[in-house]
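A.B. asks: Sharing a structure here in structure tokens format.
All of the numbers you see were taken from the coordinates with simple rules; none came from a lab. Predicted model only: the values in this text are computed from it and were never measured. Glycine also receives a Cβ, built like all others from the backbone with ideal geometry; neighbour counts cover every protein chain displayed.
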Amino acid sequence: MPTKSWLGTFFTRNGLFVGSYILAAVLAWIFLMIILPQIAMIDFSFSYDLPPSQQGGPEDVYTLANYRYFLFGYPGNPDGYNRLDLAVFGRTLIAAVFVTILDLILCYPIAFYLAQVARGRMTRVLAVALIVPYWINEILRAFAFRIIFGASGIINSILIGLGIVETPIDFVRESVALYAGLAYAYVLLMVFPIYNAIESLDRNQIEAARDMGAPWWRIHWRVVIPFAKPGITSGCTIVFMLAAGALAAPQILGGPSSLWFTQIIYRTFFESVNWSRGAAYAVILLVVCTLFVLLMMRIFKVKLGEIGR
């Protein structure tokens, strides 16, 4: 007996009317909000930055000049390469990886406790405790971190009061405030994918490992983490992409030495009013981040379908 296709199963489960509505809404969303803007961005990135009067004329041709500028800078650059933009781009990717690892370290124990240890009311209380702080606007949360890590903020006041330091530590200049703010901003996006994966793990497997004398770290390394790998990959992917593309937090929490690549893109668009170069930089960030995620999936042997479960 032939099996139904996924589309037939989808319509059987949701009904023809509801299934058609959901499918049409999703396709419209993907086409209008993702595909079309990206096509426009790519088109801009291969164009010269021309005044409106010259657009569509003989000089309006496709070019790789914007991508060459990202690599080599302005013509005649004595360095031979675009030192500033390339350094900021590399630093942004490294910082996004650091924020992702920090979130994973913080969120994995929370997700495991929620999924396998907490029971009944405690689970609900902890879930609400995680969600409620995010009712506050992201901008306000960033300013709150700016206050907390400021020279006269809570942390410096405690350190000075305890006699640990004599003068305030500049957490903003050292990027501590930025990394803490970014890690906090994406906690939920790391916790819940991991929680969703660990929750479906049969507790009997953990108990069996304990009965066989396995220490706690081996239980996690050999039983829990391999089972939760799709959730971990999903959370890390989301956090990395959002951290690399963050703008508000770097603007508010970043110091003079913590320029973010998205800030360069923003300034290129709205201060230099060079949409072609800004589009090229945005495309570069998107492509490199996507390739990086795909590479990590290949290294850790996780398929895209497993992440979407």
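A.B. asks: Given a cut-off of under 8 Å on Cα pairs at least six residues apart, what relative contact order in percent is computed for the chain? Before the final figure, lay out the partial values.
C.D. replies: Working: 293 pairs, mean separation 75.4, N = 309.
With pairs under 8 Å counted, the relative contact order is 24 percent.
A.B. asks: Extending each Cα 7 Å along its Cβ direction at TRP217 and ALA129, get the distance between those two points in nm, one decimal.
C.D. replies: 2.7
A.B. asks: Sort TRP6, TRP275 by Cβ crowding within 10 Å, fewest neighbours at the top. It would help to have the intermediate numbers written out before the result.
C.D. replies: Values: TRP6 8, TRP275 18.
Result, fewest neighbours first: TRP6, TRP275.
A.B. asks: Using the crude model of +1 on Lys and Arg Cβ and -1 on Asp and Glu Cβ, and no other charge, please compute the dipole size for the chain relative to its Cα centre, in debye to 20. Don't jump to the answer; show the numbers that get you there.
C.D. replies: Working: 22 positive and 17 negative charges, 235 e Å.
With Lys and Arg at +1 and Asp and Glu at -1, about 1120 debye.
A.B. asks: Starting from the Kirkwood radius over alpha-carbon pairs of the chain, derive D by Stokes-Einstein at 4 °C in a medium of 1.567 mPa s and give it in µm² s⁻¹. Don't skip to the end; give the middle numbers.
C.D. replies: Working: Rh = 23.1 Å.
Diffusion coefficient, whole number: 56 µm²/s.
A.B. asks: Now for a separate question. Kindly state, to the nearest 0.05, the FRET efficiency for LEU27 paired with GLU271, given R0 = 45 Å and r defined as their beta-carbon distance. Can you show the working numbers first?
C.D. replies: Details: r = 36 Å, r/R0 = 0.81.
Given R0 = 45 Å and the Cβ-Cβ separation, E is 0.80.
A.B. asks: Moving on. Return the FRET efficiency for the residue pair ASP79, LYS303: r is the Cβ-Cβ distance, R0 is 51 Å, and the value is rounded to the nearest 0.05.
C.D. replies: Working: r = 42 Å, r/R0 = 0.82.
Computed FRET efficiency for ASP79 and LYS303 comes out at 0.75.
A.B. asks: I need the peptides 248-260, 64-76, 276-288 ranked by packing, meaning the mean over residues of other C-beta atoms within 10 angstrom, with the highest value on top. Mind showing how you got there, number by number?
C.D. replies: Numbers: 248-260: 18.6, 64-76: 14.2, 276-288: 20.4.
Ranked by mean Cβ neighbours within 10 Å, highest first: 276-288, 248-260, 64-76.
A.B. asks: Follow-up question, since we're still on this one. For the pair SER53 and VAL287, what calculated FRET efficiency results from E = 1/(1 + (r/R0)^6), where r is the Cβ-Cβ distance and R0 = 22 Å, to the nearest 0.05?
C.D. replies: 0.10
A.B. asks: Using a basic spin-label model with each label point 7 Å from the Cα along Cα→Cβ, how many nm lie between VAL18 and ILE101?
C.D. replies: The two pseudo-label positions are separated by 4.6 nm.
A.B. asks: According to a simple spin-label model (label point 7 Å from Cα along Cα-to-Cβ), what is the distance in nm between ILE147 and LEU242?
C.D. replies: With each label placed 7 Å out from Cα toward Cβ, I get 2.3 nm.
A.B. asks: Sticking with this structure for a sec: Would you mind telling me which residue in ALA111, ALA209, ALA95 has the biggest mean-square fluctuation in a Gaussian network model of the chain, where springs connect alpha carbons within a distance under 10 angstrom?
C.D. replies: In this elastic network of the chain, the residue with the biggest mean-square fluctuation among ALA111, ALA209, ALA95 is ALA209.
A.B. asks: So if I take the centroid of the Cα atoms in the range 102-138 and the same for the range 63-78, what is the distance between those two points in Å?
C.D. replies: 47
A.B. asks: Classify the range 1-103 from the C-alpha gyration tensor, please: rounded if a/c falls under 1.5, else prolate or oblate depending on whether a/b exceeds b/c.
C.D. replies: oblate
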